[in-house]
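**Q** Encoded as structure tokens, here's the structure I'll be asking about.
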Amino acid sequence: CVLKSAPGNIDYLVWLVQRLDRNRRLAALVVDDSLTARSYTAALLAMYGFRVVEAGDGATALDLLASDRGIRLVVVDYQMPGMDGIEFTRRVREHHARDKLAIIGVSASERATLVAQFLKNGANDFLHKPYSREEFFCRISQNADNLDLIGTLQDLATKDFLTGLPNRRHFFEQARRRFDQAVAAGRPLAVAMLDIDHFKHINDTWGHDTGDAVLRAVAATLALAATSQDLVARFGGEEFCMLAPDMPVDIAMRRFERLRRAIADLRIPCGDATVSLTVSIGVCPAPRESLHAMLSDADRLLYLAKAGGRNRVVT
Ligand code: GH3
Ligand code: MG
Ligand code: MG
Ligand code: MG
């Protein structure tokens, strides 16, 4: 059925297979009080690979959205008893941004202002009922493509390419808020700067690719050690930063010591040999007057850890 609309060239088929494959990783929610209309839309979405969730009214749909994190696309009818599609869209946008969740309004109504109202209240697109399979598929694909594209751009802007960790800029965006929250609530907060010891020597001895593998291994160790509250980032080169909220000083210190040991225990394969490494860590264990002051402190303590012989945590 999907192939009916194919213009018959191989590029289109490749494009189509990629879309079907991508859609399999997503869920779509259909909100319509008419069982016939809902089943038709749900069947089309299932045909295009989506996992489909259905709701007969706005309130049920809001509950589903709150509990199912996999939903990336919503097709919502306008006329429904209780909450109409525009009110539903407005309510969804209180918790779900346009660039993470696409909402497509649908209606058989000819009301002139309807499309604009849907869009102004946060819908990404609109389709007049009844719609053809082909139009539906093109619109859905375009909206899902846009979400993918935005996601890719956000990754490029916020993640370090080599390790996948947040980059320095993203760290600061997130860290400022965590710092303000900790200070306002009088809660503990620790900031650690971590630098690989003699990394230049690792590159010179084992080659740049192995150096890269070492960076990825350190990043993975940091990511594994981090709780959902922690922020970890690659600051640049072989330098990483970790912000740990709500961690009393003694517990934070034990954690960073464990982290140092975990990294010293790493063995990164290089041909028949294995490479080991150590890190030095400077920890500012409690909130200071600013995030900047905490980072400067952690940096200064990192320098002391280096001067003291490396492979150590200094507070
Ligand atoms: P120290 O113990 O004092 O920190 O010495 P170090 O050799 O680790 O520090 P130094 O600043 O002298 O060298 C850091 C090296 O990290 C130099 C640079 O070429 C290398 N480097 C920076 N970014 C990357 C990267 O993305 N991949 C690889 N393989 N090397 C990198
Ligand atoms: Mg209806
Ligand atoms: Mg270094
Ligand atoms: Mg360095």
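**Q** Name every residue in region 266-294 that is farther than 13 Å from Val183 by Cα and hydroxyl-bearing (Ser, Thr, Tyr), in order of residue number.
**A** Here is the first cut: in region 266-294, the residues farther than 13 Å from Val183 by Cα are 266-285, 292-293.
Hits for region 266-294 are Thr274, Ser276, Thr278, Ser280.
**Q** Can you confirm whether Gly82 is on the phi > 0 side of the Ramachandran plot and out of contact with any Phe, Trp or Tyr (no Cβ under 7 Å at 6 or more places or on another chain)? Walk me through how you get there before you give the answer.
**A** On the way: on the phi > 0 side of the Ramachandran plot: yes; out of contact with any Phe, Trp or Tyr (no Cβ under 7 Å at 6 or more places or on another chain): yes.
In short, yes.
**Q** Scan region 175-197 and report the pairs whose first residue is more than 30 Å from Gly309 (Cα to Cα) and whose second residue is open to solvent by 70 Å² or more (accessible area, probe 1.4 Å) and basic (Lys, Arg), with Cβ atoms within less than 8 Å and a gap of 6+ or a chain change.
**A** Listed by first residue and then by second, the contacts come to Gln181/Arg187.
**Q** To continue, here is another question. Restricting attention to region 26-42, report how many residues are touching a residue at least 24 places away in the same chain (Cβ under 8 Å) and over 11 Å from Asp77 (Cβ atoms).
**A** Residues meeting the conditions: 4.
**Q** Inspect region 228-235 for any residue being away from ligand 2 (no atom under 16 Å from the Cβ), of a type in the set (Lys, Arg) and more than 26 Å from the chain's Cα centre (by Cα) and give the result as yes or no. Spell out the reasoning first.
**A** Filtering region 228-235 down to residues away from ligand 2 (no atom under 16 Å from the Cβ) leaves 228-235.
Going one step further and asking which of them are of a type in the set (Lys, Arg), we end up with 234.
The next check asks that each one be more than 26 Å from the chain's Cα centre (by Cα); those that pass are none.
Checking region 228-235: not a single residue is away from ligand 2 (no atom under 16 Å from the Cβ), of a type in the set (Lys, Arg) and more than 26 Å from the chain's Cα centre (by Cα).
**Q** I'd like the residue in region 48-90 that is among the basic types (Lys, Arg), touching a residue at least 24 places away in the same chain (Cβ under 8 Å) and over 20 Å from Ser109 (Cβ atoms) and, out of all such residues, is most open to solvent (accessible area, probe 1.4 Å).
**A** From region 48-90, those among the basic types (Lys, Arg) are 51, 69, 72, 90; that's our starting set.
Next, from what is left, pick out any that are touching a residue at least 24 places away in the same chain (Cβ under 8 Å): 51, 72, 90.
Now narrow it down to the ones that are over 20 Å from Ser109 (Cβ atoms): 51, 72.
On the way: Arg51: 117, Arg72: 65 Å².
Applying the filter and picking the extreme gives Arg51.
**Q** For region 205-227, which residues satisfy the criterion of being within 27 Å of Ser296 (Cβ to Cβ) and free of Cβ contacts under 8 Å to residues at least 24 places away in the same chain?
**A** Listed by number, the residues that qualify are Ala226, Thr227.
**Q** Now for a separate question. Which one is farthest from Thr227 (Cα to Cα) among residues in region 243-270 that are open to solvent by 60 Å² or more (accessible area, probe 1.4 Å) and of a type in the set (A, V, I, L, M, F, W, C)?
**A** Residue satisfying both the conditions and the ranking: Val249.
**Q** Evaluate the following for Thr205: is it among the hydroxyl-bearing types (Ser, Thr, Tyr), away from ligand 2 (no atom under 16 Å from the Cβ) and assigned to a helix (DSSP H, G or I)? Show your work before the answer.
**A** On the way: among the hydroxyl-bearing types (Ser, Thr, Tyr): yes; away from ligand 2 (no atom under 16 Å from the Cβ): yes; assigned to a helix (DSSP H, G or I): yes.
Yes: the conditions hold for Thr205.
**Q** Just to be sure, is Glu87 modelled with pLDDT of 95 or more and away from ligand 3 (no atom under 16 Å from the Cβ)?
**A** Values: modelled with pLDDT of 95 or more: yes; away from ligand 3 (no atom under 16 Å from the Cβ): yes.
For Glu87, the condition - modelled with pLDDT of 95 or more and away from ligand 3 (no atom under 16 Å from the Cβ) - is met.
**Q** Then there's this: Of everything in region 139-184, what is outside any helix (DSSP H, G or I), of a type outside the set (Gly, Ala, Ser) and loosely packed, with under 15 Cβ neighbours inside 10 Å? Give them in sequence order.
**A** If we filter region 139-184 for residues that are outside any helix (DSSP H, G or I), which is where we start, we get 159-167.
Still in the list and also of a type outside the set (Gly, Ala, Ser): 159-163, 165-167.
Once the filter is applied, which keeps residues that are outside any helix (DSSP H, G or I), of a type outside the set (Gly, Ala, Ser) and loosely packed, with under 15 Cβ neighbours inside 10 Å, region 139-184 yields Phe161, Leu162.
**Q** Name the residues in region 221-242 that are assigned to a helix (DSSP H, G or I) and either within 16 Å of ligand 3 (Cβ to nearest atom) or open to solvent by less than 50 Å² (accessible area, probe 1.4 Å) (or both), would you? Show your work before the answer.
**A** Filtering region 221-242 for residues assigned to a helix (DSSP H, G or I) gives 221-225.
Once the filter is applied, which keeps residues that are assigned to a helix (DSSP H, G or I) and either within 16 Å of ligand 3 (Cβ to nearest atom) or open to solvent by less than 50 Å² (accessible area, probe 1.4 Å) (or both), region 221-242 yields Thr221, Leu222, Ala225.
**Q** In addition: Of these, Arg187, Arg111, which one is more than 16 Å from ligand 2 (Cβ to nearest atom), touching a helix residue (DSSP H, G or I) at 6+ places or on another chain (Cβ under 9 Å), open to solvent by 40 Å² or more (accessible area, probe 1.4 Å) and outside any helix (DSSP H, G or I)? Before you say what the answer is, go through the steps one by one.
**A** Numbers: Arg111 fails: more than 16 Å from ligand 2 (Cβ to nearest atom).
Being more than 16 Å from ligand 2 (Cβ to nearest atom), touching a helix residue (DSSP H, G or I) at 6+ places or on another chain (Cβ under 9 Å), open to solvent by 40 Å² or more (accessible area, probe 1.4 Å) and outside any helix (DSSP H, G or I) holds for just one of Arg187, Arg111, which is Arg187.
**Q** Another question, then. Do you know which of the residues in region 271-285 that are hydrophobic (A, V, I, L, M, F, W, C) and buried (at least 17 other Cβ atoms within 10 Å of the Cβ) is farthest from Met253 (Cα to Cα)? I'd like the intermediate steps shown before the answer.
**A** Taking region 271-285 first, the residues hydrophobic (A, V, I, L, M, F, W, C) are 273, 275, 277, 279, 281, 283-284.
Narrowing further to those that are buried (at least 17 other Cβ atoms within 10 Å of the Cβ): 275, 277, 279, 281, 283-284.
On the way: Val275: 27, Leu277: 21, Val279: 15, Ile281: 10, Val283: 8, Cys284: 10 Å.
By that ranking, first place goes to Val275.
**Q** Is at least one residue of region 81-91 in contact with a helix residue (DSSP H, G or I) (Cβ under 9 Å, 6 or more places away or on another chain) and closer than 14 Å to Ile140 by Cβ?
**A** No - not one qualifying residue is present in region 81-91.
**Q** Scan region 4-15 and give yes if some residue there is without any contact (Cβ under 8 Å) to a residue 40 or more places away in the chain, in contact with a helix residue (DSSP H, G or I) (Cβ under 7 Å, 6 or more places away or on another chain) and not basic (Lys, Arg), otherwise no.
**A** Taking region 4-15 as the starting set, the residues that turn out to be without any contact (Cβ under 8 Å) to a residue 40 or more places away in the chain are 6-15.
Next, only the ones that are in contact with a helix residue (DSSP H, G or I) (Cβ under 7 Å, 6 or more places away or on another chain) stay: 6.
From what's left, not basic (Lys, Arg): 6.
The answer is yes, given that some residue of region 4-15 is without any contact (Cβ under 8 Å) to a residue 40 or more places away in the chain, in contact with a helix residue (DSSP H, G or I) (Cβ under 7 Å, 6 or more places away or on another chain) and not basic (Lys, Arg).
The values are calculated or read from the model by the stated rules, or taken from the named source; none is laboratory data. Just so it is clear, the structure is predicted and the values come from calculations on it, not from any experiment. We place every Cβ from the backbone using ideal geometry, glycine too, and count neighbours over all the protein chains shown. Please note that ligands, DNA and RNA were not included when accessible areas were found on the heavy atoms of the full protein model with its side chains. Shrake-Rupley method; radii C 1.70, N 1.55, O 1.52, S 1.80 Å.
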